[in-house]
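Novice: Dropping a structure here in structure tokens format, bear with me for questions.
The values are calculated or read from the model by the stated rules, or taken from the named source; none is laboratory data. These numbers were taken from a predicted model, which means no experiment stands behind them. All Cβ positions, even for glycine, are placed from backbone atoms using ideal geometry, and neighbour counts span all protein chains on display. For accessibility, only protein heavy atoms count, side chains too; no ligands or nucleic acids. Shrake-Rupley method; radii C 1.70, N 1.55, O 1.52, S 1.80 Å.
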4 protein chains.
Amino acid sequence: MKQDKYIFTLEIAVRDYELDSEGIVNNAIYLHYLEHTRHAFVKQEGIPFGSLTRDGLIPVVRRMTIDYHTPLRSGDVMLSRLWIEREGARFIFYQDIFNKASGETIVNAVVTIVCMENGRINRGDDLAAHISKYLDKA
Amino acid sequence: MKQDKYIFTLEIAVRDYELDSEGIVNNAIYLHYLEHTRHAFVKQEGIPFGSLTRDGLIPVVRRMTIDYHTPLRSGDVMLSRLWIEREGARFIFYQDIFNKASGETIVNAVVTIVCMENGRINRGDDLAAHISKYLDKA
Amino acid sequence: MKQDKYIFTLEIAVRDYELDSEGIVNNAIYLHYLEHTRHAFVKQEGIPFGSLTRDGLIPVVRRMTIDYHTPLRSGDVMLSRLWIEREGARFIFYQDIFNKASGETIVNAVVTIVCMENGRINRGDDLAAHISKYLDKA
Amino acid sequence: MKQDKYIFTLEIAVRDYELDSEGIVNNAIYLHYLEHTRHAFVKQEGIPFGSLTRDGLIPVVRRMTIDYHTPLRSGDVMLSRLWIEREGARFIFYQDIFNKASGETIVNAVVTIVCMENGRINRGDDLAAHISKYLDKA
């Protein structure tokens, strides 16, 4: 049971324009939810991505695996949760989305992020310093 | 009959993810089509927006009026056409979208664009110089 | 001063993926915000659009005019407000978006909606019955 | 070298509104490209998804893995290619996107699709019958 590993939860309501012609949230929209969750996490924690950027570090998504379990529909509210692990230069965001009302799992995603510096992958020590308390936890 | 005023036509195919839950292209997507058409026009004509930007000029949409006549659906191909008029600092893009197969009018749009320079509206002479042949025509 | 005419206000936070390459919210996204606001209004008021649909009535956007004043940026929160008037078969949604923090006007929009029934414009009496208290107010 | 396995190629041009605030195509947009490619493949091949749907079969994405190599930018044109394998009830779409001009690999994606029937996973024999020539090839 990994639920206790979550370090951040964001509540997001489905907007009707995110539905596709089958009346369910389009597959691509979940990547928006996941990105929005990561940015909200960063913002809440005061991690200075701006300063990272000034130092020439640009975090980029390198790989994403996403399992779709149950689709979200009009009116649904989700809980989007995450925890993080570091594997050398790679930061692994484990991101799960649940239906707030039913508790059902909507998607499970694993998002690999690296920091680019002058077009090359940075060792990641700078970013790690900013989120060390979460890496210890994981 | 204003059809002979058109100075640019772009063919665009509907992509299924642009449909909403009613199976028709979502209202907001037409603004994407219209912007895409303006950018394609600019690119084809070699108007150096990049150089405008270097000079500190930023074209922005100030006002848009759009009439929706017939919705586009899965599989449809559109012809997106435009012509331009200048009214002082304002450049008016008249943009119409037609169903390529049936000739039906899909939307009529009037898009007002101004150039910003240091946060203020520029007189527009620089942009006008780049597109003078089209302004003469209109 | 029309502020007292507003019958509904929705708070919406900008999501970073809604920004375009200039770092401001893309023009088309405001139509998403406006639609999302109308749907939230309908949902809150319990107006049974589902029952309208079962009766063969489909509300569609016929015309939209939008004035862009100040762009929204990353981290901004907006207040999206509306009021309604009826002009025969047409329902006019006056929708304004403000920056919550600064009070600045972001966009002013006027959205004309009609109800379609079997491919023709319905007189609108059914929809009017559902929102009569708001029409009286306007 | 798997290039000879490709059974379908679609050329897609980047549209500027698909860029995010860093000036590159947003991660989520690639899922749109991939879906658009699958639908275009289906349409070209005359596979009657409509008839599948009438029979109560709904193809859904169950899992997606996507590796991001090089971002697309304004003006880029991509070649989006795919081939298919079947593993029991699951249809695996191998989808790769290349920069048309440079040949660079943009993304590699593996998309697992199953057919749902009355809320349960269908064995897939009906869909397999429609695309058997491609499954033989794979």
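Novice: Conditions first: (1) more than 29 Å from D:ASP16 (Cβ to Cβ); (2) crowded, with 18+ Cβ neighbours inside 10 Å. C:HIS36 passes all but one, so which condition is the exception?
Specialist: All conditions are met except number (1).
Novice: Among the residues of region C:14-28, which ones are out of contact with any strand residue (DSSP E or B) (no Cβ under 7 Å at 6 or more places or on another chain) and assigned to a helix (DSSP H, G or I)?
Specialist: Passing the criteria: C:ASP16, C:TYR17.
Here is a yes/no grid of residues against (1) over 17 Å from the mean Cα position of the chain (by Cα); (2) within 28 Å of D:ALA109 (Cβ to Cβ):
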position: A:ASN26; (1), (2): yes, yes
position: A:HIS39; (1), (2): no, yes
position: A:VAL42; (1), (2): no, yes
position: A:ILE58; (1), (2): no, yes
position: A:ASP67; (1), (2): no, yes
position: A:ALA101; (1), (2): yes, no
position: A:GLY119; (1), (2): yes, yes
position: A:GLY124; (1), (2): yes, yes
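Novice: Do you know which residues across region A:84-138 are touching a His at 6+ places or on another chain (Cβ under 9 Å), in a loop (DSSP other than H, G, I, E, B) and closer than 21 Å to A:GLU35 by Cβ?
Specialist: none
Novice: For residues that are outside any helix (DSSP H, G or I) and open to solvent by 20 Å² or more (accessible area, probe 1.4 Å), scanning just region C:1-13, find the one that is modelled with the lowest pLDDT.
Specialist: It comes out as C:MET1.
Novice: Condition test on D:VAL77, is it within 28 Å of A:THR112 (Cβ to Cβ), surrounded by 15 or more Cβ atoms within 10 Å (Cβ to Cβ) and among the aliphatic types (A, V, I, L, M)?
Specialist: So D:VAL77 does not fit the description; no.
Novice: Follow-up. Hey, can you tell me all the residues within region A:120-138 that are open to solvent by less than 20 Å² (accessible area, probe 1.4 Å), among the small types (Gly, Ala, Ser) and over 23 Å from D:PRO71 (Cα atoms)?
Specialist: Scanning region A:120-138 gives a single hit, A:ALA128.
Novice: Listed residues C:GLU117, C:GLU87; which is surrounded by fewer than 19 Cβ atoms within 10 Å (Cβ to Cβ), at pLDDT below 95 and touching a Gly at 6+ places or on another chain (Cβ under 8 Å)?
Specialist: C:GLU117
Novice: Ok, one more. Pairs only if they're at least six apart or on different chains, beta carbon under 6 angstrom, first in region C:52-74 and more than 9 Å from chain B (Cβ to nearest Cβ), second surrounded by fewer than 18 Cβ atoms within 10 Å (Cβ to Cβ) and modelled with pLDDT of 90 or more; list them, first residue then second.
Specialist: C:THR70/C:GLU104
Novice: Just wondering, is there one or more residues in region B:24-33 that are open to solvent by less than 40 Å² (accessible area, probe 1.4 Å) and away from chain C (no Cβ under 11 Å)?
Specialist: yes
Novice: Follow-up. Of the residues B:LEU79, B:LEU31, which single one is part of a helix (DSSP H, G or I), under 13 Å from the mean Cα position of the chain (by Cα) and more than 18 Å from B:ASP126 (Cα to Cα)?
Specialist: Within the list B:LEU79, B:LEU31, the selection yields B:LEU31.
Novice: Just the residues that are surrounded by 15 or more Cβ atoms within 10 Å (Cβ to Cβ) and either modelled with pLDDT under 85 or of a type in the set (S, T, N, Q) (or both), please, taken from region A:39-60.
Specialist: Listed by number, the residues that qualify are A:ILE47, A:PHE49, A:LEU52, A:LEU57, A:ILE58.
Novice: Looking only at region D:75-112, count every residue that is within 13 Å of chain A (Cβ to nearest Cβ), of a type outside the set (Lys, Arg) and more than 15 Å from D:ILE12 (Cα to Cα) and tell me the total.
Specialist: The number of residues fulfilling the criteria is 6.
Novice: Residues A:VAL111, A:VAL107, A:VAL25: which one is within 24 Å of D:THR70 (Cα to Cα) and hydrophobic (A, V, I, L, M, F, W, C)?
Specialist: Just a single option satisfies the conditions, and that option is A:VAL111.
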